[in-house]
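Where a number appears in this text, it was derived from the coordinates with a stated rule and is not lab data. This is a predicted model, so every value here is computed, not measured. Note that we place each Cβ from the backbone using ideal geometry, even for glycine, and neighbour counts take in every protein chain shown.
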Amino acid sequence: MNGSTKTLVIFDCDGVLVDSEPIALEVLIEALREKGVNIDQEGASERFLGRSLAHLAQSVEAEFGVEIDAEFLSQMREALYRRFRTDLKPLPGIPHVMQALRDGGLSWCVASSSQKERVELSLTVTGLIDYFAPDIFSATMVKNGKPAPDLFLHAAAEMGFPPENCIVVEDSPAGIQAARAAGMRVCAFTGGSHTIDPAYRASMASLTPDASFDRMEHLVDFVCPRGPD
């Protein structure tokens, strides 16, 4: 993709393209339990969803006094990847949306808090990688992860688009805040299985996204309101 078209759609990956968040939370909770940190799914979701591993390590050390070292992160990552290879599924409707964006002359990319290796694995095992490679950006490429705007601004610059011509699709409060801080329009996607909790949806709605929907096909109505040209 390149900046020759008028709009860039920036997709988060986890919870937007793939239904990975419940798996990731289960693996994280179990890994933290082995370190003596007991936290439930709601607490883990509130603290860590949409944020980077660097944020995870800093938060756990600050709140629980437990150091998260490289070995812990490596072991947790290996456990997560094993689960992804057997259990990870794509969110419904992605192929339809990709075709509609292509027909409408729009560009797109992925900008995720996860490591690029994880994003590529997620998209590969769910059969989505060909839609997005090589335009995949990770929080490891910037100084500050979400809710800072750095990642979205980096992705837009690399793709050749000004912030005002970008639409972000996010599933977390941190991601919505990052898009807002970047000066971009943002859609709150609530189709992932981790967004069932009304309080979680309310936390995203309180940030007043430009649109909110629980079926990915509805993104087309927002970005191509008159249909493909």
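What's the FRET efficiency of GLU71 with PHE222 using the Cβ-Cβ distance as r and R₀ = 41 Å, to the nearest 0.05?
Numbers: r = 43 Å, r/R0 = 1.06.
So the FRET efficiency works out to roughly 0.40.
Going by amide H atoms built from the backbone, whose H comes under 5 Å of the H on ILE167, apart from near neighbours?
Placed amide hydrogens put LEU8, VAL9, ILE10 under 5 Å from ILE167.
What shape does region 166-227 take by its C-alpha gyration tensor, where a ≥ b ≥ c are the square roots of the eigenvalues and a/c under 1.5 counts as rounded, a/b above b/c as prolate, and the rest as oblate? Present the calculation step by step, with values, prior to reporting the outcome.
Numbers: a/c = 2.27, a/b = 1.19, b/c = 1.90.
It comes out oblate by the Cα gyration axes.
What fraction of the Cα pairs in the chain, stated in percent, has a spacing above 32 angstrom? Write down the numbers at each step before the final one.
Numbers: 3659 of 26106 pairs.
Pairs farther apart than 32 Å: 14 percent.
Calculate the length of the line joining the C-alpha centroid of region 109-145 to that of region 49-95, in whole Å.
Each part reduced to its Cα centre gives a spacing of 14 Å.
Hey, rough spin-label estimate for LYS89 and LYS35, points 7 angstrom out along Cα→Cβ, what's it come to in nanometres?
In this crude spin-label approximation the distance works out to 3.1 nm.
Assign unit charges at the C-beta atoms only (+1 for Lys and Arg, -1 for Asp and Glu), then state the dipole size of the chain relative to its Cα centre in Debye, rounded to the nearest 20. Please list the in-between numbers first.
On the way: 20 positive and 33 negative charges, 82 e Å.
Roughly 400 debye for the chain.
What FRET efficiency do you get for GLU63 and ASP197 if R0 is 30 Å and r is their Cβ-Cβ distance, rounded to the nearest 0.05?
Working: r = 21 Å, r/R0 = 0.70.
E(calc), rounded to 0.05, equals 0.90.
Based on C-alpha coordinates, I'd like the Rg and Dmax of region 21-87, in Å.
That works out to 11.2, 34 Å for Rg and Dmax.
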